[in-house]
Amino acid sequence: MTIRQLTISDLRNLTSVSIKPSSEINIFYGLNGSGKTSILEAIHILGLARSFRTPKVKSVVQTGKDKYTIFGLMKDLHRQIPVGVSRSIHEDSIQIRISGNAIRSSAELAALLPLQIINPDTFKLLEGSPGLRRNFLDWGVFHVKHKDFLPVWKHMQMALKQRNSLIRHGRISGSELSIWTQAFSKYACQVDQLRQAYVEQLLPYFSKVLQELCKLDGIKINYYRGWDKDRDLDEVLEAGLSRDIQSGYTFYGPQRADLRVRIGNSNATEILSRGQLKLVVCALKLAQGYLLSEATDQKSIFLVDDLSSELDIPHRMALCHLLQKIESQVFITCVEKNALADCWLPETHYKMFHVKQGQVELVENPGRAGRQAKSLEIEHD
Ligand SMILES: Nc1ncnc2c1ncn2[C@@H]1O[C@H](COP(=O)(O)OP(=O)(O)OP(=O)(O)O)[C@@H](O)[C@H]1O
Ligand SMILES: [Mg+2]
């Protein structure tokens, strides 16, 4: 699915924006504070029902307004699906409508629009807590193994919550603890198997993309499942019960899983520069995009905020070439109009938008590649 129409109302400084994006590359350029990141934020909310900048709805709704509204028309070869989301500062939850029907779970939105974000914070995927890498991993498993993963993951979380609650309240002598421990162990192993199979599929894509993006030798990614790889979880949980009781929560299990990125014997974060870290994360996210399109009939939508930051010209070009090769819909922001001028192949569908104080205008003659793309785009619409 790609977003073929996007309307944003009263979100940050975007009072009323309506655009028809290209199904391939979309570039938004403009001065600092003009509203570029807010456009990506709106698309992120449309796909995941939450902002990537803040959990506070009041910060996202335009000052002086009660709610924001985002509307997107999604299309693929066979279907056309209108999606609307709105959030009021007076309500606790976001309102979601897909094809006119009110939807309660954001998982349905997420399944429709597999979004990947690459922004200046991207290196945090490697530097930050294991929870970020588990989210990254589960994004992939969810989209590739949607039907298997979500119910198993929910059962595992529920069993973990129940087990932790019994442990915290000292209810460890009855049969309840053993029932929930067994349930946790059963679903934990299923989550682990799905994650492990996904990592095995992902790694060859990662190596290939990384090679095309930059010359970095010796990078290894290891999946840690959250407990000793040579022992059963049942056994680990039994042996660790007194520790769990002392700390008040279950220590081992998939809730501790991680993806460890290493160079030789060191963590990649201790060796690599900022720009190199960004490239490794880009390679991971692009690899997920390639795998998704080969394993399913879906494609990721990439949101790339401030593409030029931390990257020199050859690496910007390499990243842009990969984004074109993946044939996904891409939304890119940059400050300078010409920052990415030579990065596009002549056949790429390419639209450029100028963002000025919350207004967004299609640039009619953005340059050589853009002119050609515009005529192609008109044939497609
Ligand atoms: N709730 C709000 N209501 C109105 N305006 C807001 C609100 N929140 C932020 N803004 C303003 O919206 C503008 C858009 O910010 P945004 O981060 O999208 O800019 P940008 O074009 O990405 O800038 P940069 O190039 O610096 O990254 C800013 O001027 C900001 O001050
Ligand atoms: Mg910005």
Original post:
Which of the listed residues, LEU259, ALA188, LEU277, is farthest toward the dipole's positive end in region 124-298, when Lys, Arg count +1 and Asp, Glu count -1 at the beta-carbon?
Top reply: LEU277
Subject >> Percentage relative contact order, the chain, counting C-alpha pairs under 8 Å, at least six apart >> reply: 24
Subject >> Backbone N under 18 Å from the VAL335 label point (7 Å along Cα→Cβ), restricted to region 262-303 >> reply: 275
**OP:** Take the alpha carbon atoms of the chain, find their radius of gyration, then divide it by 2.2 N^0.38 Å using N residues; give the quotient.
**Re:** 1.07
Subject >> Part-to-part distance (alpha-carbon centres) for region 203-231 and region 6-46, which is given in Å >> reply: 34
Subject >> Protection proxy ranking of 238-245, 117-124 - average other beta-carbon atoms within 10 Å, highest first >> reply: 117-124, 238-245
Subject >> Cysteines without a disulfide-compatible neighbour (Cβ-Cβ under 4.7 Å), the chain >> reply: CYS189, CYS214, CYS282, CYS334
Subject >> Reachable lysines from LYS56, criterion Cα separation under 28 angstrom, eight or more residues apart if same chain >> reply: LYS36, LYS65, LYS67, LYS124, LYS154, LYS161, LYS278, LYS285, LYS356
**OP:** Would you work out the relative contact order for region 124-298, in percent, from Cα pairs under 8 angstrom that are 6 or more residues apart?
**Re:** 31
Subject >> Label-point separation in nm, LYS124 to LYS147, each point 7 Å along Cα→Cβ >> reply: 3.6
Subject >> Computed magnitude of the charge dipole of the chain (debye, nearest 20; Cβ of K, R +1, Cβ of D, E -1) >> reply: 680
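Laboratory data are not the source of any read-out in this text; all were calculated from the coordinates shown. Computed from a prediction, not measured in an experiment: that's the story for all the values here. Note: ideal-geometry Cβ built from the backbone for every residue, glycine included; neighbour counts use all protein chains shown.
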